[in-house]
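A.B. asks: After the structure tokens below, expect a handful of questions from me.
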Amino acid sequence: DLSIKLQPVLRATSRPGKCSSQELDSLLDRLADAGDEAPPWLLHWARRQTPKARSSLVALCQRLLSKVLRPKVVAAQEALKSAPGEGAEGVDFGKLASICEDALRFQAIERDASRVLCQVLSGVSKLPPTAAPSEFVVQDLDSIVLFFQRAFIGQRASSASKQLVQLRELEAETGLPPVQEHLALLGGQAKGLLLGMLLVPEDAPPCTVVVARDGGLLDVAPQLPLHTSILLPYFEDATGTKTVQGRRVEGGEGHGLRKEFFTSMSLDAQRRWGRLSVSEGLLEPGPVACCGSRLKLQPLESPASELHQMLMAVSNGDRIKLTFTTGQESERIVTGNMPMPGGGSSIIVNTPFEENLSELTIKRCEVQKPAQALFEFHRGTGQQWFSSHSNSLRDPQRGENLTDRYRAFGKLIALALANHCKLAFALPLLFFQFLLHRERRAQLDDLKGFDNALHSSLRKCLKMKAAQFKQIKELEGLSADMSLEEYVADQLKAILCPQAFEEVRSGFWSLISTLDALDDVTPAELRQIVCPTTVVREDMGLRQIFRVVFEDDMSECQPLVEAFHAVLDGLSNADKKKFLMFVTGIEVPPEPQTEQLTVQMPFSAFTKDEHVEMLGKLPQAHTCTNTLELPNYYESLQESGRYEPQEGKASRALMTELKNLMKERLHTAINETESYELDATEDRCSVVPPAPVAPWAPSLPPALDLSKGVSQDTESSPSVATRLRVKDSDKAASSDTDSYPPQLSSRSIQSLRSDARTSLEDLPQNKRLDVDSLLASLEEEADTRHAPSPERRPKTQDVDSLLEDLDAALMT
């Protein structure tokens, strides 16, 4: 009976592209009627067929699935156009599912037939000889997974297992085939989205990691989890406003910081220099002399300065950078440090010092120890490959550290897969072929395209005469019994599968709890998921990289949209990378059109003074959701009185001013952003009173307003840092700078905080903590300024100084 039911399906495989719509409907009915018995029967038939016959079966299944899925995909696309913007909170999977649920609903016959077809395609994809993976990708099924991309990427730490449950509920409610069970039918991007859920064990808690920004794999290795999980990374900062695991950290968190973490930790694998040690002081030309290729240090009376001690301690291979009181700088590599008679030291450097430096005073010294890079540039592929240290893991001095770093790097790849993040650099396809296929051994043909010169050389080795090979074995100290084939195999292993690769592979698979989870992931797809494969070029516009979406208020202001497009398209290559860093948290662009850039206009202004202040605001960014927040410069230029209110199309002069202003503010924002800090300031904000509407407000510099990288798990609130004043700005500005002075970004606040803390020592003791009296003085000054007669104003401390003292008191 089953054979009779499915014979029309087999006949249709001879002409899959010529079946009419009615024939396709009839085949769907037969497959649905056969039910669960159909896939084993059809796979048994496919095993006995030629590759050409199997391809015909695959083509027929693809056409049948397209007939079922295509109308639903089109309807779901229309429904999702009404989906809410991401904002700072992200898009919930459940909300998206409820919007497109009706559009994706299957009839009973469609549901049963689709499940049979998906099982058949998945089964055929595993039959040898395997066809190209792209032949099995069901484009409409792939599109359905990508509908939920906004929910999968940037997910909250606790939502991985929850989203998998919601996906299964959607499949049960609509009749959609279980896509998570048929990864072979999806493209690399959709597979990456689902793997973020499938690789994280159910109820696995998120893993908190705290590391310094200049930290590396050795610092983070003990903190990494025992299985794939969502990471909650934090960057340590002595001036941070948040405490995690007893350490002060920067205020940002969420997916933006997660991306930065993976970039920073993977860059450590390329690092050739260790942490920077800095010492400042004054070393006169007498005790210190820069002569030729030597830096001579005379012994000092005890106690010696910290700067002198640092120079005395440098060793062979260290990189030193000397800064002199004249501002001149000199960077050298230490090649030796010899003790001098009488207790001094003579430091030998790689190149001679300039002659004029011998009479100058050193005020600052920076020292970096050499580090062992795990990967280095490989000329054959133009990408990164294992460094010369990769076969030194048994070295008694450095082997243990190298082993730990390589194993941590392997874990980092697995965690990047689960966290929808990328490494900082690309690795060759060959790397992932060996990583996924654990039993694979290096073959001579693997060198083709990787290192053609070496491939040719080793091929010639196999034809070497016995006498020549005997000389090579004697020269290299090899066993006399070694054959040519064994020699070539050892060379291939040392180059393609060094000791370090075993540690990387061990670290990677130690976190993958389900060993068959990656069976349907090809090496090329894994490389696409975890490596940056898109390069920012001068001719590539940011609108080619992102799907730019303007939310309602912004989309209704066409002059502002036009100005934004003009500024975005005019960014240089360097500024494009800074913009990516500002909005996404990393300089590496996503795959073109795979991520959305949401532009919002959340700021409000009502009075003329507020519009003047609005002109000084900088754009803000939420890296968790790739969201850019812009002030309404167009409205404020008119309401502030600089231009007459205009109806309809804006004048040329207004548009020119608008573009120049937006360009200047965006340039300041993307160049002055170095950390997350205004996102987690609740603890310190409890003592800050609400900002009063005061008569002197327009004359004060605008509040520091930029909040870079607001996490979707935190809320921003006023900060003490927002009241720090902008002093001595000598940056070039436009002619209208005095009307609306630029504001600093939140990342530049770190340096201002440090300056404020340092200046506390210069304050009188009675002013340091007397917040109440400072506030009273400020109110008194406000009243006197508001007085109608100048004669009534007493000689009190000016408002700027009072605010400065108040900042210092609140800091304390």
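The values are calculated or read from the model by the stated rules, or taken from the named source; none is laboratory data. Not measured: the values here are computed from a predicted model. Cβ coordinates were reconstructed from backbone atoms using ideal geometry, including for glycine residues, and neighbour counts include every protein chain displayed. Surface accessibility is based on the protein's heavy atoms, side chains included, excluding ligands, DNA and RNA. Shrake-Rupley method; radii C 1.70, N 1.55, O 1.52, S 1.80 Å.
A.B. asks: Exactly one of these conditions fails for M554: (1) open to solvent by 30 Å² or more (accessible area, probe 1.4 Å); (2) at pLDDT below 85; (3) not hydroxyl-bearing (S, T, Y). Give me its number.
C.D. replies: (1)
A.B. asks: Can you tell me which residue within the stretch 288-317, out of those that are open to solvent by less than 80 Å² (accessible area, probe 1.4 Å) and among the hydroxyl-bearing types (S, T, Y), is nearest to the chain's Cα centre (by Cα)?
C.D. replies: S315
A.B. asks: Continuing with this model, one more query. I'd like the full set of residues that are surrounded by fewer than 20 Cβ atoms within 10 Å (Cβ to Cβ), modelled with pLDDT under 90 and either under 26 Å from P590 (Cα atoms) or among the aromatic types (F, W, Y) (or both), limited to the stretch 615-663.
C.D. replies: Y643, the sole residue that qualifies.
A.B. asks: In the stretch 99-108, which residues are open to solvent by 10 Å² or more (accessible area, probe 1.4 Å) and under 16 Å from R70 (Cβ atoms)?
C.D. replies: Listed by number, the residues that qualify are A103, R105, F106, Q107.
A.B. asks: Does M338 satisfy being open to solvent by 70 Å² or more (accessible area, probe 1.4 Å) and free of Cβ contacts under 8 Å to residues at least 40 places away in the same chain?
C.D. replies: For M338, the condition - open to solvent by 70 Å² or more (accessible area, probe 1.4 Å) and free of Cβ contacts under 8 Å to residues at least 40 places away in the same chain - is met.
A.B. asks: Answer yes or no: is there a residue in the stretch 290-305 that is closer than 18 Å to R364 by Cα, of a type outside the set (G, A, S) and outside any strand (DSSP E or B).
C.D. replies: Yes, that holds for at least one residue.
A.B. asks: Out of the residues in the stretch 148-180 that are open to solvent by 40 Å² or more (accessible area, probe 1.4 Å), assigned to a helix (DSSP H, G or I) and of a type in the set (A, V, I, L, M), which is modelled with the highest pLDDT?
C.D. replies: Step by step, filter the stretch 148-180, then rank; the result is A172.
Yes/no matrix, rows are residues, columns are (1) open to solvent by 30 Å² or more (accessible area, probe 1.4 Å); (2) closer than 21 Å to A172 by Cβ:
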position	(1), (2)
S3	yes, no
T13	no, no
D29	yes, no
R47	yes, no
S66	yes, no
A97	no, yes
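A.B. asks: Restricting the stretch 444-497 to residues that are within 30 Å of Q383 (Cβ to Cβ) and of a type in the set (F, W, Y), which is surrounded by the most Cβ atoms within 10 Å (Cβ to Cβ)?
C.D. replies: Per the stated criteria, the residue is Y487.
A.B. asks: Among the candidates E355, E359, E400, which residue alone is among the charged types (D, E, K, R), free of Cβ contacts under 8 Å to residues at least 12 places away in the same chain and more than 30 Å from D451 (Cα to Cα)?
C.D. replies: E355
A.B. asks: Working only within the stretch 1-55, note down all residues that are aliphatic (A, V, I, L, M) and closer than 14 Å to D112 by Cα.
C.D. replies: Within the stretch 1-55, L27, L28, L31, A32, A34, A38 qualify.
Condition check ((1) in contact with a Cys (Cβ under 8 Å, 6 or more places away or on another chain); (2) open to solvent by less than 50 Å² (accessible area, probe 1.4 Å); (3) among the small types (G, A, S)) across all residues:
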{"site": "E366", "(1), (2), (3)": "no, yes, no"}
{"site": "R379", "(1), (2), (3)": "no, no, no"}
{"site": "S392", "(1), (2), (3)": "no, yes, yes"}
{"site": "Q397", "(1), (2), (3)": "no, no, no"}
{"site": "R407", "(1), (2), (3)": "no, no, no"}
{"site": "L417", "(1), (2), (3)": "no, yes, no"}
{"site": "L423", "(1), (2), (3)": "yes, yes, no"}
{"site": "L430", "(1), (2), (3)": "no, yes, no"}
{"site": "F434", "(1), (2), (3)": "yes, yes, no"}
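A.B. asks: Pull out all pairs, ordered by first then second residue, where Cβ-Cβ is under 6 Å, the residues are six or more apart or on different chains, the first lies in the stretch 471-499 and is among the polar types (S, T, N, Q), and the second is surrounded by 14 or more Cβ atoms within 10 Å (Cβ to Cβ).
C.D. replies: Note: pairs meeting the criteria are Q499/N391; Q499/L393.
A.B. asks: I would also like to ask the following. Specify the residue that is nearest to G254 (Cα to Cα); the eligible residues are those in the stretch 596-611 that are in contact (Cβ under 8 Å) with a residue 12 or more places away in the chain and open to solvent by 40 Å² or more (accessible area, probe 1.4 Å).
C.D. replies: P602
A.B. asks: Right, another one. Quick check: is even one residue across the stretch 672-680 out of contact with any Gly (no Cβ under 9 Å at 6 or more places or on another chain), more than 21 Å from F579 (Cβ to Cβ) and at pLDDT 70 or above?
C.D. replies: No, the conditions are met nowhere in the stretch 672-680.
A.B. asks: If you don't mind, another one. Determine which member of the set V120, V145 is open to solvent by less than 10 Å² (accessible area, probe 1.4 Å), over 30 Å from I586 (Cα atoms) and not small (G, A, S).
C.D. replies: V120
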